[in-house]
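> Below is one structure. I have some questions about it.
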Amino acid sequence: MTKYAYFFGCIIPNRYPGIEYAVRWVCGKEGYGLDVKDIKEFSCCPVPGIFYSSDKNTWLLLASRNLVLGQKERREILTVCNGCLTSLLKATEYLKDPKRLGKVNRTLAQIGKKYTGIPRKTEGRRRIMEPVKVRHYVDVMTDDIGLEDIQKHTTRPLNNIRAATHYGCHYLRPTENQTIDDPNDPVKIDKIIEACGATSVDYDDKLDCCGAGGGVRSHVVELANSLTEDKCRNIAAAGADCIVTGCPFCLLQFDNAQKAFTKDGIPVMHVSQLQALAMGIDPISLGFDTHHVSAHSFLRKLRGV
Amino acid sequence: MGEVEKTFLSGLHEKLVEDKVIDESQLEPGFAKEIVEYGGKDVMTCLQCGNCTGVCPISLKIDYKIRSIIKFCQFGLKKFTLGTRWVCATCYRCYEHCPADINPAEVMIALRHMAIREGVIPPFIKVAATNLVKYGQSVKPDLEIEKIRKELELEDVPSRAMEYAKVIREINVLVHAAGYDKLIGIEKEVKA
């Protein structure tokens, strides 16, 4: 059985603890009982929009430090955020270059760490190494657990719920060489939604950016919000009850931006929260009160009121 | 977009120099090379097809045409690339649609590297970097959220744990070794 290590990043623990609860619940003994461990020394991935944008050397050092921790435990890093996925996955690609790897390891030596990758097999005396595996929660759900199992675990099908999927750019295009889904026709989150019994609604410009990435939200929030407004208009036109995403930063953007242009707003949740609901969790554990857009309308519909 | 930029983009840059609308000294021939040094690809191979601008979500909202930026980079007209360095959402759609495989988003990231080195550092970078060396995370812990974590019976956020002091020390060592603290000007109050 594959072994994983949770990588929650910055936004989930510090802004949306309900997502952390949902992920732990879905992966834990109430759910799929995965072999997944906390590595407490993980730091920020670090954020691509800040560190990758301002100094790639620093970004690579900090990302490598996290990778070394996964390497030590011989576990796949289970990210729950598109930003963490792209940052760590890109770092594994950068470290394939021996010159760069040497330079990184010379600095990592100062903190007693070394990135080598994980040994895959031995050929004669040589050990063949492979990069530390970096996975996305959605990818683990559909590929390792499988839609059939998700369907089997759905004890409370969300039959009357219409959900609009937002994938997020770094889910679609994490690096130049690797993808976890078809960037032009992604299906994985939609399939999870359907395995939970809900309907995934199609809407115009579904693959558009939420507007927050690359530091745009922090730098010119109005610009980010106007992109989100377009998306929300299309989602509302499709008659969705909620927005489901695999990225807490997109979630944060939808959740915060809607205040700027609408009174009610469409509730937004992480795919793990939707899954936990379909698996019969008490909604009170999902921390919806930390979301700015109230999930009240959604939960009422779920109860069939 | 100004008249000068418009004419320039129609391909008449020699005429602009001739007419003294732009000064030849403004053209930095080494600019494209500098972009490669910061991890961007060779902008000289750009075909100016415009696919990147066509799919750019930001270009719908403000006067920001990534194709123009690439053209300015080709000729080394740095000053026209200055205003829009931080509006790219790095969605990488331009990369997906670029027939010349240039990855314009990475060019924007290289331009950002240059900006930082010229001392143009947006405040949000400083905030995130300071949070990182202080808490090990780019987002500051929030007391209200920590209360809710307790209610949900989740453990404290990592930065609250005693053992996390070692992590913060390690991060500081790396940040210092890369010279990032100096580059960004992170305040020196952060001894864990």
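The values are calculated or read from the model by the stated rules, or taken from the named source; none is laboratory data. Being a predicted model, the structure only gives us computed values, none of them experimental. Cβ coordinates were reconstructed from backbone atoms using ideal geometry, including for glycine residues, and neighbour counts include every protein chain displayed.
> Quick one: how many residues across the range B:39-63 are within 13 Å of chain A (Cβ to nearest Cβ) and without any contact (Cβ under 8 Å) to a residue 24 or more places away in the chain?
3
> Go through the residues of the range B:148-167 one by one and say whether even a single one is within 9 Å of chain A (Cβ to nearest Cβ) and within 30 Å of B:MET114 (Cβ to Cβ).
No, there is no match, as no residue in the range B:148-167 is within 9 Å of chain A (Cβ to nearest Cβ) and within 30 Å of B:MET114 (Cβ to Cβ).
> Out of A:THR92, A:THR122, I need the residue that is surrounded by 21 or more Cβ atoms within 10 Å (Cβ to Cβ), more than 11 Å from A:LEU61 (Cα to Cα) and hydroxyl-bearing (Ser, Thr, Tyr). Which one?
Of the residues listed, the single one that is surrounded by 21 or more Cβ atoms within 10 Å (Cβ to Cβ), more than 11 Å from A:LEU61 (Cα to Cα) and hydroxyl-bearing (Ser, Thr, Tyr) is A:THR92.
> Does the range A:250-296 hold any residues that are within 20 Å of A:LEU227 (Cβ to Cβ), aromatic (Phe, Trp, Tyr) and surrounded by fewer than 24 Cβ atoms within 10 Å (Cβ to Cβ), and which are they?
Hit for the range A:250-296 is A:PHE261, nothing else.
> Taking the stated definitions as given, is B:VAL36 surrounded by fewer than 21 Cβ atoms within 10 Å (Cβ to Cβ), more than 24 Å from A:LEU207 (Cβ to Cβ), at pLDDT below 90 and more than 11 Å from every other protein chain (Cβ to nearest Cβ)?
no
> Let me ask something else about it. Just to confirm my filter: which helices (runs of 4 or more DSSP H) fall fully inside the range A:245-305 and include at least 3 residues that are of a type in the set (Lys, Arg)?
By residue number, A:296-303.
> Then there is this: In the set B:CYS73, B:CYS52, which member is part of a helix (DSSP H, G or I), farther than 22 Å from A:PRO46 by Cα, of a type outside the set (Phe, Trp, Tyr) and at pLDDT 95 or above?
Residue meeting the stated conditions: B:CYS52.
> Here's something else I'd like to know. Go through the range A:262-292 and give me each residue that's closer than 17 Å to A:TYR137 by Cα and polar (S, T, N, Q).
A:SER272, A:GLN273, A:GLN275 - these are the residues of the range A:262-292 that are closer than 17 Å to A:TYR137 by Cα and polar (S, T, N, Q).
> A further question on this structure: Considering only the range B:19-33, how many residues are in a loop (DSSP other than H, G, I, E, B) and either surrounded by 14 or more Cβ atoms within 10 Å (Cβ to Cβ) or without any contact (Cβ under 8 Å) to a residue 12 or more places away in the chain (or both)?
7
> Going through the range A:210-223 one residue at a time, which ones are at the interface with another protein chain (Cβ under 8 Å from one of its Cβ atoms) and either β-branched (Val, Ile, Thr) or crowded, with 24+ Cβ neighbours inside 10 Å (or both)?
Selection gives A:GLY211, A:ALA212, A:GLY213, A:GLY214, A:GLY215, A:VAL216, A:VAL220.
> Going by the conditions given, is A:CYS81 touching a Pro at 6+ places or on another chain (Cβ under 9 Å), at pLDDT 95 or above and closer than 23 Å to A:PHE288 by Cα?
Spelling it out, A:CYS81 is indeed touching a Pro at 6+ places or on another chain (Cβ under 9 Å), at pLDDT 95 or above and closer than 23 Å to A:PHE288 by Cα.
> Where in the range A:104-188 are there strands (runs of 3 or more DSSP E), lying wholly inside it, with at least 1 residues that are modelled with pLDDT under 95, in contact with a strand residue (DSSP E or B) (Cβ under 7 Å, 6 or more places away or on another chain) and of a type in the set (A, V, I, L, M)?
A:118-123, A:126-130
> Further question on the same structure: Evaluate the range B:85-104: report whether one residue or more is under 20 Å from A:ASP208 (Cβ atoms), surrounded by 18 or more Cβ atoms within 10 Å (Cβ to Cβ), of a type outside the set (Gly, Ala, Ser) and away from every other protein chain (no Cβ under 14 Å).
no
> Which of the residues spanning the range A:3-34 are closer than 11 Å to A:TYR137 by Cβ and in a helix (DSSP H, G or I)?
A:ILE12, A:ILE19, A:ALA22, A:VAL23, A:VAL26, A:CYS27
> Of A:ALA257, A:ALA278, which residue is modelled with pLDDT of 95 or more, of a type in the set (Gly, Ala, Ser) and farther than 26 Å from B:LEU154 by Cα?
A:ALA257
> Which residue pairs have Cβ atoms under 8 Å apart, sit 6 or more places apart or on different chains, and have a first residue in the range A:268-287 that is outside the structural domain of A:SER200 (by TED's automatic domain parsing) and a second that is of a type in the set (Gly, Ala, Ser) and part of a helix (DSSP H, G or I)?
Taking only residues 6 or more apart or on different chains, not a single pair turns up.
> Out of everything in the range B:109-126 that is more than 8 Å from every other protein chain (Cβ to nearest Cβ) and assigned to a helix (DSSP H, G or I), what residue ends up being surrounded by the fewest Cβ atoms within 10 Å (Cβ to Cβ)?
Looking at the filtered set, the residue picked out is B:PRO123.
> Can you find even one residue in the range A:37-47 that is more than 20 Å from A:GLY214 (Cα to Cα), touching a Phe, Trp or Tyr at 6+ places or on another chain (Cβ under 6 Å), acidic (Asp, Glu) and surrounded by fewer than 17 Cβ atoms within 10 Å (Cβ to Cβ)?
Scanning the range A:37-47 turns up at least one residue that is more than 20 Å from A:GLY214 (Cα to Cα), touching a Phe, Trp or Tyr at 6+ places or on another chain (Cβ under 6 Å), acidic (Asp, Glu) and surrounded by fewer than 17 Cβ atoms within 10 Å (Cβ to Cβ).
> Further question on the same structure: What number goes with the only condition from (1) surrounded by 14 or more Cβ atoms within 10 Å (Cβ to Cβ); (2) touching a residue at least 12 places away in the same chain (Cβ under 8 Å) that A:LYS103 does not pass?
Checking A:LYS103 against (1) surrounded by 14 or more Cβ atoms within 10 Å (Cβ to Cβ); (2) touching a residue at least 12 places away in the same chain (Cβ under 8 Å), the one that fails is (2).
> Further question on the same structure: If the requirement is being loosely packed, with under 13 Cβ neighbours inside 10 Å and not assigned by TED's automatic domain parsing to the domain that holds A:ALA237, which of these qualifies: A:ASP97, A:ASP143?
A:ASP97
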